[in-house]
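Asks: Have a look at the structure that comes next, please.
The values are calculated or read from the model by the stated rules, or taken from the named source; none is laboratory data. This structure is a prediction, so every number in the text was calculated from the model and none was measured. Every residue, glycine among them, receives a Cβ derived from its backbone with ideal geometry; neighbour counts consider all protein chains shown.
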Amino acid sequence: MSNKNDLIGVVADKTGLTKAQAADAVDAVFDAITASLKAGDEVRLVGFGTFAVSRREASVGRNPATGAEIQIPASNQAKFKPGKGLKDAIN
């Protein structure tokens, strides 16, 4: 599985849903995670992992082509920390 369409196909096959229904389900999960992160909440999926937002402060960087200093604005970054179940499954 390498993309969202592949994920939808797997969900449809494993649940007996149509691909359209599986697409709605996958989209609903992604939308729920996104809404929680936008609200500043963590999303903990026991055995899978935790999605969270971390604040990245403004900093000064350099343009690699010219060497000129540039201002890098502050931003929020989505982070994912795999849970023990996921780590164990892939190792």
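Asks: Of everything in segment 38-47 that's loosely packed, with under 10 Cβ neighbours inside 10 Å and touching a residue at least 12 places away in the same chain (Cβ under 8 Å), which residue is nearest to residue 84 (Cα to Cα)?
Replies: Among those residues, the one meeting the criterion is 46.
Asks: A further question on this structure: Restricting attention to segment 48-84, which residues are touching a strand residue (DSSP E or B) at 6+ places or on another chain (Cβ under 8 Å), loosely packed, with under 11 Cβ neighbours inside 10 Å and in a loop (DSSP other than H, G, I, E, B)?
Replies: Across segment 48-84, the qualifying residues are 58, 63, 68, 74.
Asks: OK, next. State yes or no: is residue 41 more than 22 Å from the chain's Cα centre (by Cα) and charged (D, E, K, R)?
Replies: It is false that residue 41 is more than 22 Å from the chain's Cα centre (by Cα) and charged (D, E, K, R).
Asks: State whether the residues of segment 29-47 include one that is touching a Ser or Thr at 6+ places or on another chain (Cβ under 7 Å), assigned to a strand (DSSP E or B), at pLDDT 95 or above and over 19 Å from residue 4 (Cα atoms).
Replies: Checking segment 29-47: at least one residue is touching a Ser or Thr at 6+ places or on another chain (Cβ under 7 Å), assigned to a strand (DSSP E or B), at pLDDT 95 or above and over 19 Å from residue 4 (Cα atoms).
Asks: Would you please name the residue that is nearest to residue 38 (Cα to Cα), looking only at residues in segment 52-91 that are without any contact (Cβ under 8 Å) to a residue 12 or more places away in the chain and of a type in the set (D, E, K, R)?
Replies: 87
Asks: Answer with yes or no whether residue 16 is loosely packed, with under 12 Cβ neighbours inside 10 Å, farther than 30 Å from residue 71 by Cβ and not aromatic (Phe, Trp, Tyr).
Replies: Numbers: loosely packed, with under 12 Cβ neighbours inside 10 Å: yes; farther than 30 Å from residue 71 by Cβ: yes; not aromatic (Phe, Trp, Tyr): yes.
Yes, satisfied.
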